[in-house]
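The values are calculated or read from the model by the stated rules, or taken from the named source; none is laboratory data. Worth saying up front: this structure is predicted, and the values here are computed from it rather than measured. Glycine gets a Cβ as well: all are built from the backbone with ideal geometry, and neighbour counts include every protein chain shown.
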Amino acid sequence: MIGFGDRPAQVWFCGVKELREENQRLRDENNRLKGEQGKPDIKALKFKGELSNHSSEKERETPKKHTKTSKNESIKIDREEILEYPRSELPADAQFKGYEEVIVQDIKLTTDNVLFRKQKYYSPSEGKTYLAELPLGYGGEFGPGVKALVISLYYGLFFIH
């Protein structure tokens with residue numbers, strides 16, 4: 001039997017382990033007194049056989065089926081186009097079998113340039129001209145729609161000039 005002096009090696013290794021644990025406890029206490037944190041107590045990993053069988057374990061192991069619902073029923077169609085296949089590229093015996101529908105969503109920005117004709121009156125007795133006011137939001141050369149779009153782009157998309 002291997003040993004040191006009159007003690008076997010196993011006794012020495014147990015003593016070293018105890019000394020290391022005590023040393024770590026003293027270091028943690030020293031750090032705590034200094035206002036620091038000690039070494040974290042990390043638990044050993046459990047193997048699959050050692051895991052406790054919780055009710056959520058079975059739910060986690062079986063994947064849930066995800067069904068994607070179609071949005072096409074709720075999309076408003078603005079226009080419809082028929083795309084024809086070039087007849088010159090078809091074989092002579094090709095038969096028409098209907099259409100395959102594809103919905104493409106897009107946006108169209110249109111202009112709304114308005115010429116306001118403001119009524120203008122002049123009073124000779126008062127020597128004063130009276131001019132109709134622009135509607136609320138229409139000051140300057142740009143309307144409220146353009147102003148709102150610029151503000152949305154600037155703050156929403158970080159778009160600069």
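Selection of segment 69-93 for residues being modelled with pLDDT of 90 or more, among the hydroxyl-bearing types (Ser, Thr, Tyr) and not in a loop (DSSP other than H, G, I, E, B) yields only Ser88. Step by step: first the residues of segment 107-161, then only those that are of a type in the set (Val, Ile, Thr) and not in a loop (DSSP other than H, G, I, E, B), then the one that is farthest from Lys76 (Cα to Cα). Which residue is that? My answer is Thr129. Only residues that are surrounded by 10 or more Cβ atoms within 10 Å (Cβ to Cβ) and farther than 17 Å from Thr111 by Cα: list them for segment 138-156, please. Gly139, Ile151, Ser152, Leu153, Tyr154, listed by residue number. Scan segment 95-113 and give yes if some residue there is surrounded by 10 or more Cβ atoms within 10 Å (Cβ to Cβ) and modelled with pLDDT of 90 or more, otherwise no. No - not one qualifying residue is present in segment 95-113.
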